[in-house]
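Undergrad: Structure incoming, see below.
The values are calculated or read from the model by the stated rules, or taken from the named source; none is laboratory data. Predicted model, so just to flag it, every value in this text is computed and none were measured. We place every Cβ from the backbone using ideal geometry, glycine too, and count neighbours over all the protein chains shown. Side chains included, ligands, DNA and RNA excluded: accessible areas come from the protein's heavy atoms. Shrake-Rupley method; radii C 1.70, N 1.55, O 1.52, S 1.80 Å.
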Protein chains: 2
Amino acid sequence: MAAGDLIEIPARRGKAVRLKKGQRIKMINTHGTQVVDTWAFNADDLHEFMSMEHTRPHIGKFIPAVGDIMYTNKRRPILTFVEDSSPGIHDTIIAACDRYRYKFLGVEGYHDNCTDNLFAGMKELGLTPPEVPSPLNMWMNIPVKPDHSLSFEPTVSKPGDYVVLRAEMDVVMAFSACPQDILPINGVGLKPVEAHFQVLG
Amino acid sequence: MAAGDLIEIPARRGKAVRLKKGQRIKMINTHGTQVVDTWAFNADDLHEFMSMEHTRPHIGKFIPAVGDIMYTNKRRPILTFVEDSSPGIHDTIIAACDRYRYKFLGVEGYHDNCTDNLFAGMKELGLTPPEVPSPLNMWMNIPVKPDHSLSFEPTVSKPGDYVVLRAEMDVVMAFSACPQDILPINGVGLKPVEAHFQVLG
């Protein structure tokens with residue numbers, strides 16, 4: 001893929017891409033309803049990666065916004081939120097779905113899931129993540145309430161909404177167009193769809 | 001140590017203990033002001049561990065309370081909250097402090113930290129954690145607000161407050177009496193102190 005190409009994250013699938021320090025990536029919520037689980041790893045050492053639990057104390061928030069820097073598990077800047085055309089509702093507190101999650105939700109047999117998609121996306125680049133960091137769930141809408149409860153709600157983004165991130169080191173980014181079709185996080189239609197990204201150079 | 005012994009988690013240090021499935025542990029906030037970072041690993045496979053990001057969706061909350069089950073990264077029950085004499089303010093969203101954290105906070109040279117304490121505590125049992133899971137920060141008071149902001153506040157527990165947890169599998173638990181003395185999470189006196197635990201059999 002060349003800089004500027006519109007790359008598809010196929011519905012229910014994973015995809016990964018390398019970015020050089022300083023490059024920007026535009027993540028596009030093509031249909032507006034899709035959650036995209038997002039990871040970033042230090043390209044030179046996959047044991048260092050974007051960490052939600054390390055980022056939250058540094059930005060003093062549990063949802064990043066334009067201008068905020070995402071930190072690694074070594075507390076180094078890895079990505080900066082440069083633009084966000086959506087209402088800014090994303091999630092940092094929920095794990096990637098996995099085979100165990102769907103079993104809990106009553107699914108018999110295999111169900112596509114973001115954890116396997118992370119591995120599949122990275123594998124296309126010849127890489128294996130050494131662990132599964134808690135993802136930045138772009139556009140995922142998990143309201144938290146004063147009584148400490150949380151709920152799983154549809155996205156509030158619209159078709160074509162995008163987020164632009166800048167790489168603060170050489171990174172491997174991985175994405176999963178979340179295949180969740182039991183809970184309504186990908187819209188009340190329960191229909192996971194494709195999303196896109198574009199490396200802006 | 002025998003069941004029933006009162007074990008000290010020394011101020012600024014780590015400690016670990018093995019529990020058999022069904023055993024209960026009483027964690028005691030001896031002085032009321034101390035945050036205790038808490039981890040639990042499957043004793044038969046340290047790659048499976050208590051996971052904050054996997055627990056939150058299952059309990060539908062970002063702070064567990066009595067009756068709630070903590071889940072592993074394979075979404076299996078690992079600990080149950082059986083009793084809590086404190087006001088129930090704990091934290092699941094902030095990473096363990098580490099050498100990098102104190103550098104950010106302006107500390108020159110080495111500072112005790114919960115991440116190193118995890119390794120030191122486990123090492124006393126001849127074990128090495130394969131990664132550093134996001135901890136259950138017992139008694140840590142991190143209010144989150146509707147604008148998505150969070151802050152670092154003193155504990156609201158009183159001397160002698162305790163939490164009782166039951167092991168749902170054979171586990172290795174690790175604790176760190178958090179050495180944070182720059183932010184007031186361990187009380188406005190900025191004085192990290194010891195805490196205790198007791199295996200109840």
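Undergrad: Inspect region B:50-65 for any residue being within 14 Å of another protein chain (Cβ to nearest Cβ) and touching a Gly at 6+ places or on another chain (Cβ under 6 Å) and give the result as yes or no.
TA: yes
Undergrad: Just a yes or no: is a residue in region B:82-99 on the phi > 0 side of the Ramachandran plot, over 16 Å from the mean Cα position of the chain (by Cα) and within 12 Å of another protein chain (Cβ to nearest Cβ)?
TA: The answer is no; no qualifying residue exists.
Undergrad: Let me ask another. Applying the selection to region B:75-92, what residues are within 26 Å of B:Asp45 (Cβ to Cβ) and of a type in the set (Val, Ile, Thr)?
TA: Those that are within 26 Å of B:Asp45 (Cβ to Cβ) and of a type in the set (Val, Ile, Thr): B:Ile78, B:Thr80, B:Val82, B:Thr92.
Undergrad: Considering only residues of region B:80-106 that are touching a residue at least 12 places away in the same chain (Cβ under 8 Å) and among the hydroxyl-bearing types (Ser, Thr, Tyr), which is surrounded by the most Cβ atoms within 10 Å (Cβ to Cβ)?
TA: Of region B:80-106, the ones touching a residue at least 12 places away in the same chain (Cβ under 8 Å) are B:80-99, B:101-102, B:105-106.
Next, only the ones that are among the hydroxyl-bearing types (Ser, Thr, Tyr) stay: B:80, B:85-86, B:92, B:102.
Details: B:Thr80: 17, B:Ser85: 15, B:Ser86: 19, B:Thr92: 24, B:Tyr102: 20.
Result: B:Thr92.
Undergrad: Shifting gears a bit: Scanning region A:107-139 for residues that are among the small types (Gly, Ala, Ser) and buried (at least 20 other Cβ atoms within 10 Å of the Cβ), which turns out farthest from the other protein chains (Cβ to nearest Cβ)? Give the steps one after another, and end with the answer.
TA: We begin by selecting, within region A:107-139, every residue among the small types (Gly, Ala, Ser); these are A:109, A:120-121, A:126, A:134.
Now drop any that are not buried (at least 20 other Cβ atoms within 10 Å of the Cβ), which leaves A:121, A:134.
Details: A:Gly121: 19, A:Ser134: 4 Å.
Selected residue: A:Gly121.
Undergrad: Which residue out of A:Gly4, A:Gly60 is at pLDDT below 95 and either open to solvent by less than 50 Å² (accessible area, probe 1.4 Å) or out of contact with any helix residue (DSSP H, G or I) (no Cβ under 7 Å at 6 or more places or on another chain) (or both)? I'd like the intermediate steps shown before the answer.
TA: Numbers: A:Gly60 fails: at pLDDT below 95.
None of the other options fit; the residue is A:Gly4.
Undergrad: While we're on this one: Within 12 Å of another protein chain (Cβ to nearest Cβ), open to solvent by less than 50 Å² (accessible area, probe 1.4 Å) and hydrophobic (A, V, I, L, M, F, W, C), is that true of A:Val144?
TA: It is true that A:Val144 is within 12 Å of another protein chain (Cβ to nearest Cβ), open to solvent by less than 50 Å² (accessible area, probe 1.4 Å) and hydrophobic (A, V, I, L, M, F, W, C).
Undergrad: Also, quick follow-up: For region B:112-201, please list each of the strands (runs of 3 or more DSSP E) lying entirely inside it that holds at least 3 residues being among the small types (Gly, Ala, Ser). Walk me through how you get there before you give the answer.
TA: Values: elements: B:136-138, B:161-167, B:171-177, B:195-199.
In region B:112-201, B:171-177 are the strands (runs of 3 or more DSSP E) which contain 3 or more residues that are among the small types (Gly, Ala, Ser).
Undergrad: Which of (1) at the interface with chain B (Cβ under 9 Å from one of its Cβ atoms); (2) open to solvent by less than 40 Å² (accessible area, probe 1.4 Å); (3) assigned to a loop (DSSP other than H, G, I, E, B) does A:Gly32 not meet, given it meets every other one?
TA: Going through (1) at the interface with chain B (Cβ under 9 Å from one of its Cβ atoms); (2) open to solvent by less than 40 Å² (accessible area, probe 1.4 Å); (3) assigned to a loop (DSSP other than H, G, I, E, B) one by one, A:Gly32 breaks only (1).
Undergrad: Let me ask something else. I'm trying to understand the selection: among the residues of region B:66-81, which are farther than 16 Å from B:Asp170 by Cα and within 12 Å of chain A (Cβ to nearest Cβ)?
TA: Hit for region B:66-81 is B:Asp68, nothing else.
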